[in-house]
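Heads up: the structure comes next, in structure tokens.
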Amino acid sequence: MEQYNVEQKIQDFIADIEARNPNEPEFLQAVKEVAVTVIPFIAAHSQYDGKKLLERMAEPERTIIFRVPWVDDSGEIQVNRGFRIQMNSAIGPYKGGIRFHPTVNLSVLKFLAFEQTFKNSLTTLPMGGGKGGADFDPQGKSDMEIMRFCQAFMTELCKHIGPETDVPAGDIGVGAREIGYLFGQYKKIRNEFTGVLTGKGLAYGGSLIRPEATGYGVVYFCEQMLKTIGQDIKGKTFAVSGFGNVAWGVVKKVTELGGKVLTISGPDGYIYDEDGISGDKIDYLLQLRASGNNRAEDYATKYPSAKFFAGKRPWEVKCDVAIPAATQNELYLEDAEMLVANGVICVTEAANMPSTLDAINYFLDNKVLFSPGKASNAGGVATSGLEMTQNSIRLNWSSEEVDMRLKEIMIGIHKACSDYGKDKDGYVNYVKGANIAGFVKVAEAMLAQGVV
Ligand SMILES: N=C(CCC(=O)O)C(=O)O
């Protein structure tokens, strides 16, 4: 198909998506990024053309929105809004996290569920795309309030999920504690003990390595990216944002492989530790999170080698590798310009859609190695898939076994992205590679299953 037709197809598709999904900026951002890379591929492959595959992928199979009433410690009745987006089940049961955060809304969860479809496809495991959550703010809540909210949330959600239907897990605001309360309520209501959630505790069906998996997988992917230019993790400096489970896993694995992590960040700002975040400092990150606070400043208070920069983002720091591990749209064009000016050679996304489209295009135009979260942060959901496998065979693998399979999966995702994303100069456009590689498996399944 001639170029002007393809460009017109892209514009027409985007115009339709904008008309059908007004006031959903995050969802439109995620769909546009896929459209500009996948539509040219569809146009060049007749078996996919004219089948409305991307149009169908960009429309959830089911959107469930529900009221979550609960009682706080003072006896006040609270009302929150719960969601589950069941986006695409062509290659497996819906699979994706649950996010508890005041910024959660339909647009955010649709973007997450859409990205999850491509991410889960890249793992090659049988998992469809889904995501859920609520506009509930866990910050400052007591343990009992967290439990009552999780029970109220699952009282409704349990009608719509199951081990062969939809398998939720954690995400921002939903950690091991919340998964436990959600699982307990599901089991009580449905009277079933199944692998309906992943990220479970080891005592009731969880998998070793799952807490570290997203961060480990990011570093395994980053290692493969650096290898394409003859580089390695060892001796490199890293700027990391966030300090939840994901950032902790990144810091742990980078340090283990000989890299030096200089920063972590919270909503209050970032800390710069010139000595590097290693040893007991890594475990302190978890204590910081476990204490329920999200102030990065506390790290600088505890460790004199660290300086705190209030209200700033860590992308002003000179580093070899940047790893955004906090949340969506945390790395803007101005940050990308600063990173490139300071000589960054690789950006490996650890959060979901942390870079804006302008920032991504700036990295690609400057031939910086850049990987989207749907590829490089897939280690979390991949290990969730391995947890589902262990539950199915009613066996637990060792941490070495799980870690080995995780690394194999990340190397496989990197190869798939390279196969579809390498240009004639040998530069790998991981955005293009991930979107096309993720699209193909889902498209093949959708074509085989008819118009459903
Ligand atoms: N929050 C996750 C993990 C989802 C899962 O493990 O099902 C993600 O891939 O964004």
query = When you scan segment 1-96 for helices (runs of 4 or more DSSP H) that lie fully inside it, which ones turn up with 3 or more residues that are under 21 Å from THR124 (Cα atoms) and in contact (Cβ under 8 Å) with a residue 24 or more places away in the chain?
reply = 25-43, 53-57
task = May I ask you to verify whether LEU112 is of a type outside the set (D, E, K, R), within 12 Å of the ligand (Cβ to nearest atom), touching a residue at least 60 places away in the same chain (Cβ under 8 Å) and surrounded by 24 or more Cβ atoms within 10 Å (Cβ to Cβ)?
result = yes
query = Got at least one residue in segment 62-83 being crowded, with 23+ Cβ neighbours inside 10 Å and touching a Leu at 6+ places or on another chain (Cβ under 8 Å)?
reply = yes
query = Can ILE436 be described as touching a Leu at 6+ places or on another chain (Cβ under 7 Å), on the phi < 0 side of the Ramachandran plot, crowded, with 22+ Cβ neighbours inside 10 Å and modelled with pLDDT of 95 or more?
reply = no
query = Consider SER399 against the criteria (1) small (Gly, Ala, Ser); (2) within 16 Å of the ligand (Cβ to nearest atom); (3) within 24 Å of VAL254 (Cα to Cα): it satisfies all of them except one. Which criterion is unmet?
reply = (2)
request  = Starting from segment 319-337, take each residue that is under 19 Å from GLY266 (Cα atoms) and list its partners that are acidic (Asp, Glu) and assigned to a loop (DSSP other than H, G, I, E, B), counting only C-beta distances under 6 angstrom and pairs at least six apart or across chains.
outcome  = PRO324/GLU330; PRO324/GLU349
query = Which of the residues that make up segment 120-172 are modelled with pLDDT under 95 and touching a Pro at 6+ places or on another chain (Cβ under 7 Å)?
reply = none
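Do you know which residues across segment 76-109 are within 10 Å of the ligand (Cβ to nearest atom) and among the charged types (D, E, K, R)?
The answer is LYS95, ARG99.
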Complete set of residues in segment 134-187 that are closer than 23 Å to ASN105 by Cβ, of a type in the set (A, V, I, L, M) and not in a strand (DSSP E or B) = ILE146, ALA152, MET154, LEU157, ILE161, ILE172, ILE179, LEU182
note = Within segment 210-230, restricting to residues that are surrounded by 24 or more Cβ atoms within 10 Å (Cβ to Cβ) and among the β-branched types (Val, Ile, Thr), the one that is nearest to THR383 (Cα to Cα) is THR214
message = If I go through segment 315-330 residue by residue, how many of them are surrounded by fewer than 24 Cβ atoms within 10 Å (Cβ to Cβ) and either closer than 17 Å to PHE221 by Cβ or modelled with pLDDT under 95 (or both)?
response = 1
inquiry  = Can you find a residue that is more than 16 Å from the ligand (Cβ to nearest atom), surrounded by fewer than 19 Cβ atoms within 10 Å (Cβ to Cβ) and without any contact (Cβ under 8 Å) to a residue 24 or more places away in the chain anywhere in segment 366-381?
reply    = no
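Please pick out the residue among ALA325, ALA359, ALA290 that is within 16 Å of the ligand (Cβ to nearest atom) and of a type outside the set (D, E, K, R).
Going through ALA325, ALA359, ALA290 in turn, the sole match is ALA325.
The values are calculated or read from the model by the stated rules, or taken from the named source; none is laboratory data. Quick caveat, the model's predicted, so the values are computed rather than measured. Cβ coordinates were reconstructed from backbone atoms using ideal geometry, including for glycine residues, and neighbour counts include every protein chain displayed.
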